[in-house]
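Below: the structure, in structure tokens.
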Amino acid sequence: MTNYFRSNIDAMASYVPGEQPQRGMQVMKLNSNENPYPPSPAALAVLRNIQGEWLRRYPEPLGGEFRRAASEVLGFPSDWMIVGNGSDEVLNLVIRACTEPGRKVVYPIPTYVLYVTLTQMQAAEIVEIPYSQDYKLPLEEIIAANGAVTFIASPNSPSGHIVPINDLRQLASRLSGVLVIDEAYVDFAEENALALVKEYENVIVIRTLSKGYSLAGLRLGFGVANPKLLHGLFKVKDSYNIDAIACALGTAAITDQAYKNACVAKVKASRSQLATDFKQLGFHVWDSHTNFLLVQPPQENAEYLYQQLKARQILVRYFPQPGLDNKLRITIGTDEQNQILVETLRQICS
């Protein structure tokens, strides 16, 4: 049989996303950290009024309309932003522009598993540094590794913890390569690292509209960085990577901060209540700055509970890997969904 692929592609495993049930299936989906509330009414109004002319013509190559709106919201010049087909594309742009065989990509684990997939695609060297059990950042080890690219997800998945800004500042000042601060879940946290972008030209902060803005199906994310860093990323970006519909809806959504903040407040309140409910069931619950919880069942039978919930049409996330195989990652749903989940677990555990 003919082998069409590079040796590193042959050797790597594919990224495995959370299960996606077919549309219309009666499943309670708490496995992919989607927002339980609908997108902004302003975004939906734009969707209802899409014009054929928008589809006939190529979109703005840099997503200018969205960049201008994000500039107003975040207080950064629009030329400090790069827009991607989801934040995953922006992560990929950094890897494509900054790594190659012989260059290192460094990150603490456990974390977002796409980092390893993107690095393997470029055949770059992977340096994974384990978190301690309390998820304290292994700061000195990461600095010593001195990667061409260093990924820090803050808040992190699947742990839900946030990395202190002083730790991130130390990384930015002591690393010679690019520091990528992945803030996919930042809308549910109390602090962010955007200020570091103005302090250090090797820092890029990457965000998404999938979580806080309820637009996971739209695929729109962006990075904020010094134009000196973005210059190289634009060289490897697809010509028209952001479609006109995504740009228009994303613009409306990010402009409607009042709606987004109201939904985030509801998720945070539900997160607090759900954490309390899990603790009453005897689960260990890690503090979360995201829209999910990492929990450990009292009998450490996470895979069994995952399968039992799935049989009852409730999907949560189970990771069959060391350090996580006795835990579940559970997305915050509506209060009604959370109550169904808790009652179902109570029945299974009893």
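Quick notes
- The residue that is farthest from ILE152 (Cα to Cα), counting only those in the stretch 171-199 that are aliphatic (A, V, I, L, M) and assigned to a strand (DSSP E or B), is VAL178.
- For the stretch 63-92, the set of residues classified as in a loop (DSSP other than H, G, I, E, B) and among the small types (Gly, Ala, Ser) consists of GLY63, GLY75, GLY86, listed by residue number.
- When the stretch 1-13 is filtered for residues that are in a loop (DSSP other than H, G, I, E, B), open to solvent by less than 100 Å² (accessible area, probe 1.4 Å) and under 17 Å from LEU118 (Cβ atoms), the ones remaining, listed by number, are MET12, ALA13.
- Test: residue in the stretch 200-207 that is surrounded by fewer than 22 Cβ atoms within 10 Å (Cβ to Cβ), of a type outside the set (Asp, Glu) and part of a helix (DSSP H, G or I): no
- From the options GLN170, GLN133, residue that is open to solvent by 20 Å² or more (accessible area, probe 1.4 Å) and farther than 24 Å from GLN296 by Cβ: GLN170
- Residue that is surrounded by the most Cβ atoms within 10 Å (Cβ to Cβ), among those in the stretch 173-190 that are more than 25 Å from ASN85 (Cα to Cα) and of a type outside the set (Ser, Thr, Tyr): LEU175
- Within the stretch 139-166, being of a type outside the set (A, V, I, L, M) and buried (at least 16 other Cβ atoms within 10 Å of the Cβ) holds for GLY147, THR150, PHE151, SER154, PRO155, ASN156, SER157, PRO158, SER159, GLY160, HIS161.
- Between ASP325, ASP335, the distinction of being open to solvent by 30 Å² or more (accessible area, probe 1.4 Å) and either of a type in the set (S, T, N, Q) or within 14 Å of LEU274 (Cβ to Cβ) (or both) belongs to ASP335 only.
- Among the candidates LEU293, LEU220, LEU249, residue that is crowded, with 18+ Cβ neighbours inside 10 Å and farther than 29 Å from ALA45 by Cβ: LEU293
- So GLU60, is it within 26 Å of the chain's Cα centre (by Cα), closer than 30 Å to PRO227 by Cβ and part of a loop (DSSP other than H, G, I, E, B): yes
The values are calculated or read from the model by the stated rules, or taken from the named source; none is laboratory data. All figures in this text were calculated on a predicted structure; none of them were measured in a lab. Neighbour counts are summed over all protein chains in view; Cβ atoms, including those assigned to glycine, are modelled from backbone coordinates with ideal geometry. Ligands, DNA and RNA are stripped out before the accessible areas are found, and what is left, the full protein with its side chains, is counted by its heavy atoms. Shrake-Rupley method; radii C 1.70, N 1.55, O 1.52, S 1.80 Å.
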